[in-house]
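A quick write-up on the structure given underneath.
The values are calculated or read from the model by the stated rules, or taken from the named source; none is laboratory data. Quick caveat: nothing in here was measured; it's all calculated off a predicted structure. Cβ placement follows ideal geometry from the backbone for every residue including glycine, while neighbour counts extend to all protein chains displayed. Only protein heavy atoms, including side chains, enter the accessible area calculation; ligands, DNA and RNA are left aside. Shrake-Rupley method; radii C 1.70, N 1.55, O 1.52, S 1.80 Å.
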Amino acid sequence: MPATVLVLNCGSSSLKYAVVQPDTGRQLADGIVERIGDAEGVPDHEAALRAAFDQLADAGLRLDELGLVAVGHRVVHGGPDLYRPTVVDDALIAEVRSLSALAPLHNPPALLGIEVARKVLPDLPHVAVFDTAFFHDLPAAAATYAIDRDVAEQWHIRRYGFHGTSHQYVSEQAAEFLGVPVASLNQIVLHLGNGASASAIVGGRPQDTTMGLTPMEGLVMGTRSGDVDPGVLVYLWRTAGMSVEDIETMLNKRSGVRGLGGEIDFRVLHRRIDEGDADARLAYDVYIHRLRKYIGAYLALLGNTDVITFTAGVGENDAAVRRDALSGMAPLGIELDEHLNASPGRGARRISFETSPVTVLVIPTDEELAIARACVGVLG
Ligand code: ADP
């Protein structure tokens, strides 16, 4: 039985898990336990992990027969210093805890997941893999906010970037698909899921990304606003009388495509647009407008782009989004093949004409596999 890694991704009310063979890339199982702390769900994260084991058992997978060699934990924010995959010990837990102020919505549940998993699986090494890691060495010009330097330094305010595991994995897969070294490529990666971010990558090293101190900056997302004038926040606080918590919740949960169109799922959004729903139309138009703006920005930043890759739920599945994101860009060297783009497919595939100066790809992301491989890498 080849070695396997249990990969955990803990949110405040959900636990996603996967059992992955890092060598073969095979995923033996995956699932999600939702409604943690809800009267109709499970009481806490420990119960959620045990429920995940029950689901595995129902699928005929016994924990002691899986050949588990490690547990990999997705941790959203590594702060200024944590970026290598790191074996979990008490010191690491303390350090991640000290970052909770930087990522109050994301790091505390990840910590809970780590603590519960260490308790339930004490004999396995646990490894933390940080979503910010890939962007740790962003050039200073991209990482720095143009605000008072002393304030930024004191409070560790910089652009950290997120979805790093996915941007790295997908950019490496793009090179593999094209049969060239990643070092030879200028790439734009568009990770469009519920969360959404773009990155510009030169030779495997990110030059910019759309998310910043938190995963709220940049593209319009399922429920997050992406870029807003910071003056809006001040205005809401001072004049509209909203509390800091109200503002944070609004920007994270009641904004983006849901905030404008009342719907997070792009399949439903398209249906409503077809039915003439003006709110859905506006939500989609704002989403596409922002996406095109960043594609243009990154084309300019790179000067010469070899490949643009779409990934994640929307990027992999929504041909209309891909078409509308890149339409009319032939003068910029982007020639999408409408037929290839609209053909359903599952694996990595090209959707531009063979003669297009910029190659456009769709590549399924696999953050679980990337985390599993990072675990094995650090454990040797
Ligand atoms: P997460 O950021 O939660 O990991 P995903 O990458 O799984 O999200 O993306 C989920 C989103 O992908 C859904 O909300 C939906 O909008 C979109 N999506 C999934 N399947 C399709 C599809 N067949 N067509 C269009 N959009 C899809």
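A dipole drawn for the chain from +1 and -1 charges on Cβ atoms has a positive end, and of 379, 127, 206 the residue lying farthest that way is 206. Under 10 Å, Cα contacts only: if you run a Gaussian network model on the chain, which one of 213, 121, 302 comes out with the highest mean-square fluctuation? Among 213, 121, 302, the largest GNM mean-square fluctuation belongs to 121. Annotation: amide H of residue 308 within the under-5 Å range of 188, 359, 360, 361, sequence separation 5 or more or interchain, hydrogens built in the peptide plane. Using θ = phi - 60° in the Karplus curve 6.51 cos²θ - 1.76 cosθ + 1.60, the 3J(HN,Hα) couplings for the range 329-336 round to 9, 4, x, 9, x, 10, 10, 6 Hz; x is entered for Gly and Pro. Annotation: amide H-H contacts under 5 Å for residue 335 (H modelled 1.01 Å from N, sequence separation of 5 or more, or interchain): 353, 358.
Shape analysis of the range 126-281 yields a ratio of the Cα radius of gyration to the Kirkwood radius, Rg/Rh, of 1.03.
Quick check: residue separation of residue 194 and residue 155 times 0.36 nm, minus the Cα distance between them. What number comes out in nm?
Length gained between residue 194 and residue 155: 11.2 nm.
Take every Cα-Cα pair in the range 153-220 and report what % of them are more than 14 Å apart. The calculated P(r) of the range 153-220 puts 56 percent of pairs beyond 14 Å. Extension gain for residue 323-residue 50 works out to 94.0 nm (0.36 nm per residue, less the C-alpha to C-alpha distance).
Taken over the C-alpha atoms, the chain has Rg and Dmax values of 20.9, 63 angstrom. Using a simple spin-label model with pseudo-atoms 7 Å out from Cα toward Cβ, residue 254 and residue 229 lie 2.2 nm apart.
Solvent-accessible surface of the range 231-380, taken per residue with a 1.4 Å probe and all protein chains present: 51 Å². Between the range 96-114 and the range 346-373, how far is it from one alpha carbon centroid to the other, in angstrom? About 31 Å separates the Cα centre of the range 96-114 from the one of the range 346-373.
Exposed loop sites, defined as chymotrypsin sites (Phe, Trp or Tyr not before Pro) outside DSSP H, G, I, E and B with at most 15 other Cβ atoms within 10 Å, are absent from the longest region of the chain, namely 156-380.
The Cα center of the range 223-301 and the Cα center of the range 25-86 differ in position by 31 Å. Rounded to the nearest 20 debye, the dipole magnitude of the range 1-134 is 220 debye, with +1 charges on Lys and Arg beta carbons, -1 on Asp and Glu beta carbons, and the Cα centre as origin. Of all DSSP-defined beta bridges confined to the chain, some 55% are antiparallel rather than parallel. Pop out the carbon and sulfur fraction of the accessible area of the chain as a percent, whole number, probe 1.4 Å. Here it works out to 52 percent. Here the range 277-361 was treated as a single set of alpha-carbon atoms; its pair distances binned every 10 Å from 0 give 17, 50, 29, 4 percent. Once you've got the GNM for the chain with C-alpha springs shorter than 10 Å, pick whichever of 74, 258, 267 has the biggest mean-square fluctuation. Looking only at 74, 258, 267, the largest GNM fluctuation is found for 267. Result for the chain in a Gaussian network model with C-alpha springs under 10 Å: among 256, 113, 31, the largest mean-square fluctuation is at 31. Sorted on the mean count of surrounding Cβ atoms within 10 Å across their residues, most packed first, peptides 1-8, 97-104, 60-67 read 1-8, 97-104, 60-67. Model label sites at residue 243 and residue 145, defined 7 Å from Cα along the beta-carbon direction, differ in position by 2.3 nm. Converting phi to 3J(HN,Hα) with the Karplus coefficients 6.51, -1.76 and 1.60 and the offset θ = phi - 60°, the range 37-53 yields x, 9, 3, 8, x, 9, x, 8, 5, 5, 5, 5, 5, 5, 5, 5, 5 Hz in sequence order, with x at every glycine or proline.
Counting 0.36 nm for each residue step from residue 119 to residue 100 and taking away their Cα separation leaves a gain of 4.7 nm.
With N set to the number of residues, divide the alpha-carbon radius of gyration of the range 10-144 by 2.2 N^0.38 Å and report two decimals.
1.12
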